[in-house]
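Everything on this sheet refers to the single structure shown next.
Just so it is clear, none of the values below were taken in a lab; they were calculated from the coordinates. Values in this document were obtained by computation on a predicted structure and should not be read as measured data. Backbone-built Cβ (ideal geometry, glycine too); neighbour counts: all protein chains shown.
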Amino acid sequence: MKVKNIESICCIGAGYVGGPTMAVIADNCPNIKITVVDLSQQRIDLWNSEDLNKIPIFEPGLKEIIKKVRDINLFFSTEVGEAISNADMVFISVNTPTKTKGLGAGRASDISWVEACTRQVAKYAVGETIVVEKSTIPVRTAEAIKSILQNSSKESKNQKKCSFSVLSNPEFLAEGTAISDLQNPDRILIGGENEESIQSLKNIYLNWISEDKLIATNLWSSELSK
């Protein structure tokens, strides 16, 4: 089994999940370059602020980690395409608000942002890329992501051949304890169909989490857990 060594990560979405999660990964994996991207220049400016009291997420312990790793191996940017093209692994960590219109309005999650991010990945990715869904999403979203990647990659501007594998890595963070939840989780769930890709993500977490807490399953079961 040939496991891809992850040297560069792009996280799309600089919100409550993406920012703290990537900060903790950066703190524990100094050999991995991590770029968190967002279309909001204002949000990125806050993450890059010299005054750490202005970062857009308040969680105990987060400010201290950002001070250690920002501009070392953790970066915040609006250059989405560049970050994707340089990444071995892309986390999709954007909001999935409740639909306000159409079928399921008021109940179902709106995954249009997830779909838009996936099209960006298909457009800019180079070579073999592992795509990790990290947003709170409905079951079967991974199937939609895979379908978009397969269809949209044909329209990619890249001349190099691209290949994708999709993983589900749901978050279980509680407000106020997000950093401790990330540093010492009860479990880490990874769903996927490609054993090598699953192991690549496992190897990242093994830098600070014991193997008995890393649970591998299929995409369906991982999505159902959330």
Checklist entry - All other residues with a Cβ under 12 Å from the Cβ of residue 61 taken together, and with Lys, Arg as +1 and Asp, Glu as -1, what is their net charge? => result -1
Checklist outcome for this item: Other residues with Cβ under 13 Å from the Cβ of residue 83 give, with Lys and Arg +1 and Asp and Glu -1, a net charge of -2
Next on the checklist: Please list, in order along the stretch 44-54, the HN-Hα scalar couplings obtained from phi with the Karplus expression 6.51 cos²θ - 1.76 cosθ + 1.60 (θ = phi - 60°), rounded to whole Hz, x for Gly and Pro.
Outcome noted: 5, 4, 5, 5, 8, 4, 5, 7, 5, 6, 9
Item to check | Other-chain or far-sequence residues with amide H under 5 Å of residue 177's (modelled H) | outcome: none
Checklist outcome for this item: Ranked output for segments 3-16, 164-177 by mean other Cβ atoms within 10 Å, highest leading, reads 3-16, 164-177
